[in-house]
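Structure first, then comments.
The values are calculated or read from the model by the stated rules, or taken from the named source; none is laboratory data. Everything numeric in this text was worked out from a predicted model, so none of it was measured. Note that we place each Cβ from the backbone using ideal geometry, even for glycine, and neighbour counts take in every protein chain shown. Heads up: the accessible areas ignore ligands, DNA and RNA and are worked out on the full protein's heavy atoms, side chains in. Shrake-Rupley method; radii C 1.70, N 1.55, O 1.52, S 1.80 Å.
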Amino acid sequence: MRVLRYVSKRLLFLGPVLFGVVTVVFIVARMLPGDPVHLLAPRDADAQTLAVIRTELGLDKPILAQFARYLTDIGRGEFGRAIHTGNPVLVDIANRFPATLELTILGLSLCILVSIPLGVLAAVRRNGPLDHVSRLTSLLGVSMPSFWLALLLIYTFFFHLDLAPPPLGRGPIGFDPPRVTGMYTIDTLLAGDLAGFATVVHYLLLPVISLALINMAPLTRLTRASMIEVLGSDYVRYALAAGVPRRVVQFRLALKNALLAPITMIGILVGNLLGGAVIIETIFAWPGLGLWAVTAATQSDYAPVQAFALFAATTKVLVYLLTDLAYFAIDPRIRY
Amino acid sequence: MRRYYTAYLFRRNPLSIVGLAIVVLFAIVAFAAPLLITHDPMQPISGNASRPPSAAHWFGTDGLGMDIYSRVVWAARIDMVVAFASVAIAILIGVLLGALSGFAGGMTDDLIMRALDSQQAFPSYILALAIVAAVGQSIPNIVFVVAFVNYPIYARLVRAQMLSVKESQYAQAARVLGNPWWRMVFRHLVPNCLGPIYVQGSLNAGLALLLAASLSFIGLGVRLPTPEWGLMVSQGARQLVFGEWWISVFPGAAIFLAVLGFNLLGDGLADIFDPKQR
């Protein structure tokens, strides 16, 4: 019952925030120094085309009427057309989202699989060699421009060591596994195409590692700090004094509580994952949503940029909500 | 007394000295750029494209035949100014809105806070990208966009401080003495809300630099031939695949070092201004 009340309260708050998000996108789109028609029309359109687009879009109406129309359009799932692909925005998103999803899920999973054990071990053997290495790399990691890191990886692993394929998307030219989910790893496996699966993994290697590395520093840092705090707490000292074996105390009793803070951090990382994906996709010519939005943005093709920003914000809001709910489920001390 | 204490803390955290040194070094490079460059940073030298580092071109030349060393040095002016200016503007907007929000309370507070919520619902990089795509790319626009994306942090910090400061006795004294609200807020209250702003400012300068460079990297920031580190890295991105590493590596290293400097300095300032984190 309590849970239900909490969840419904949070869902109720979701409405105003999403309304705010839509308003921000609307305002930004109207912040243009010139005429929004110029952004939505092809660059070489003549005056008559512009006028047609203007009435079509309702841009000759007062601003509030425009906003109302914008809201109804979004409600109906009408996000306009991406000029650079010629498709309706939603079609492009549906086509391209699996590529981004596959990349970000794998990148984040790798990040978690490395950061959390690293942070925990660094805390357990505080001031040991592993701790120093992890602290140094975290420090350097937060200052490293992600695009530069990805390029250094390409230079090392593609150009010098020849271990990775060139940064040219999801596979060799013409490589196109039969589409089921749109995620190549799953689709090749479903088709029983093991060679294809190997190719897919090969092409995923560097983008996934880059995405994992750029998210690692904050998660490792926080896990370490959280574990150190828990290891210094009274109940851990009591358990040690009572003769519970050190391993059991560290990895059974302390670890559970130490992982609460990193869960929040993972939520934050997931919420901002699309931001990082924009850069990684641009570098690796990865045909996902990020590259789509960047291509649109550099060609004054504004409908995809709007839709992408809305999509990213909605994702972030929902992920934060889920993180809070997860917290609620995990930590019995939390009462709302 | 206070000064010795600060010096002591700086010594306790020697890395913050390194951070300060790096930031100062970059500031000097930016100021002294005309004296430090060896070539015109915006002038291609014909027949001299994509040369590796040599005695004549210390960091090599880029695909257009421009001297990378001179461009990296010159770009310090743009990148450091963008970082400083955007943080300054973000602090200005953030302090104004935060102070107003915290002091006024009620509807004004609600309205401002909900606006901040909506804005912070966007991943900051994507919001910046969307705004730049709308307002167009120029250096002043980049500065404003980076400032716009970052000001909510300051607004929240100042609002939180204001909520406690406005209940203090000296605030009541100032009110009883008949000060108009604006003088109370900006003369007496705001100066006492600024502590956490300095720490955040330094940490944020690194983020601001990264954000601006990332925008230029994807082609939504500064335009050629203006030297800017992010843009220079992107110029070399395609050639890196063929082993021409120097075009991207040197400007990227400059970003990395500058951001590292701001972060180390920010960590040190956090130690000094925020005893709880020690």
* Structure fact -> For A:V133, A:V89, the accessible-area ranking with a 1.4 Å probe, largest leading, is A:V133, A:V89
* Structure fact -> So, with points 7 Å from each Cα along the Cβ direction, the B:N192-A:L325 label distance in nm works out to 4.4 nm
* To do: May I ask you to derive the FRET efficiency for B:R183 and B:D110 from their Cβ-Cβ distance with R0 = 25 Å, giving the value to the nearest 0.05?
  => 0.50
* Distance-filtered residues of the range B:77-116 - backbone nitrogen under 18 Å, label point 7 angstrom along A:F19 Cα→Cβ -> B:107-116
* Structure fact -> Once amide hydrogens are built 1.01 Å from N within the peptide plane, the residues lying 5 or more places from A:R81 or on another chain with amide H under 5 Å from its amide H are A:V89
* Asked: How much net charge surrounds B:P41 when only the other residues with a Cβ under 14 Å from the Cβ of B:P41 are counted, with Lys and Arg +1 and Asp and Glu -1?
  -> -3
* To do: Show the residues, 5+ positions off or on another chain, whose built amide H is closer than 5 Å to the amide H of B:T61.
  => B:S50, B:R51, B:I68
* Asked: Which of A:L325, A:L64, A:L274 moves the most in a Gaussian network model of chain A with Cα springs under 10 Å?
  -> A:L64
* Structure fact -> Using alpha carbon positions and the Kirkwood radius, the Rg to Rh ratio of the range B:20-123 is 1.28
* Report the label-to-label distance for B:A27 and A:D73 in nanometres (one decimal), using points 7 Å from each Cα along the Cα→Cβ vector. => 4.7 nm
* How far is it, in nm, from the label point at A:F157 to the one at A:L90 when both lie 7 Å from their Cα along the line to the Cβ? -> 3.8 nm
* To do: Give the angle, between 0 and 90 degrees and rounded to the nearest 10, that separates the Cα long axis of helix B:246-273 from the longest principal axis of the Cα atoms of chain B.
  => 20 degrees
* Asked: Where does helix A:63-75 land angle-wise versus the long Cα axis of chain A, in degrees 0 to 90, nearest 10?
  -> 60 degrees
* For A:R30 and A:L113, compute 0.36 nm times the residue count separating them, minus their Cα-Cα distance, and round to one decimal in nm. => 25.6 nm
* Asked: In the range B:193-264, what is the volume of the convex hull around the alpha carbon atoms, normalised per residue and reported in Å³?
  -> 86 Å³
* Asked: Across 5 Å bins from 0, what is the distribution of all Cα-Cα pair distances for the range A:132-238, in whole percents?
  -> 2, 11, 15, 14, 13, 13, 10, 8, 6, 4, 3, 1, 0
* Quantify how strongly other chains surround peptide A:280-292 by giving the mean number of their Cβ atoms within 10 Å of each of its Cβ atoms. => 1
* Partner chain Cβ atoms within 10 Å, averaged over the residues of A:68-81 - can you pull that number for me? => 0
* Structure fact -> Which of A:A277, A:A198, A:A122 fluctuates most in a GNM of chain A (C-alpha springs under 10 Å)? That residue is A:A198
* In whole Å and largest first, what semi-axes does the C-alpha gyration tensor of chain B yield when each eigenvalue is scaled by 5 and square-rooted? -> 41, 22, 14
* **Computed magnitude of the charge dipole of chain A (debye, nearest 20; Cβ of K, R +1, Cβ of D, E -1)** => 1740 debye
* **Heavy-atom accessible area per residue - the range A:94-335, 1.4 Å, Å²** => 44 Å²
* Asked: For the Cα atoms of chain B, what angle does the longest principal axis make with the long axis of helix B:229-240, in degrees from 0 to 90, nearest 10?
  -> 40 degrees
* Between the range B:250-266 and the range B:88-135, what is the C-alpha centre distance in whole Å? -> 27 Å
* Build a GNM of chain A with springs between Cα atoms under 10 Å: which of A:A94, A:A195, A:A285 gets the top mean-square fluctuation? -> A:A195
* **Local electrostatic count, B:V23, Cβ distance below 15 Å [Lys/Arg +1, Asp/Glu -1]** => -1
* To do: Filter the chymotrypsin sites (Phe, Trp or Tyr not before Pro) in the range B:182-278 to those in DSSP coil with at most 12 other Cβ atoms within 10 Å of their Cβ, and list the result.
  => B:F242
* Structure fact -> Per residue of A:137-147, other chain Cβ atoms within 10 Å number on average 6
* For A:E229, solvent-accessible area (1.4 Å; no DNA, RNA or ligand), Å² -> 140 Å²
* Asked: When the Debye formula is applied to the Cα atoms of the range B:72-213, each taken as the same point scatterer, what base-10 log of I(q)/I(0) results at q = 0.17, 0.19, 0.20 Å⁻¹?
  -> -0.91, -1.05, -1.12
* R0 = 22 Å: FRET efficiency of A:A198 with A:F97, Cβ-based, nearest 0.05? -> 0.35
* To do: Provide the per-residue ³J(HN,Hα) series for the range A:127-133, in order, calculated from phi with Karplus coefficients 6.51, -1.76, 1.60 and θ = phi - 60°, each as a whole number of Hz, with x at glycine and proline positions.
  => 6, x, x, 4, 4, 4, 4
* To do: Kindly identify residues of the range B:123-141 having a loss of at least 40 Å² in accessible area between the isolated chain and the assembly of all protein chains, probe radius 1.4 Å.
  => B:P123, B:Y125, B:I126, B:L129, B:A130, B:A133, B:A134, B:V135
* Regarding chain A, what whole-number volume in Å³ per residue does the convex hull of its Cα atoms give? -> 194 Å³
* Cα-Cα pairs above 38 Å in the protein assembly as shown: how many percent? -> 38 percent
* To do: State the percent of C-alpha pairs, over all pairs in the range A:233-336, separated by a distance greater than 16 angstrom.
  => 69 percent
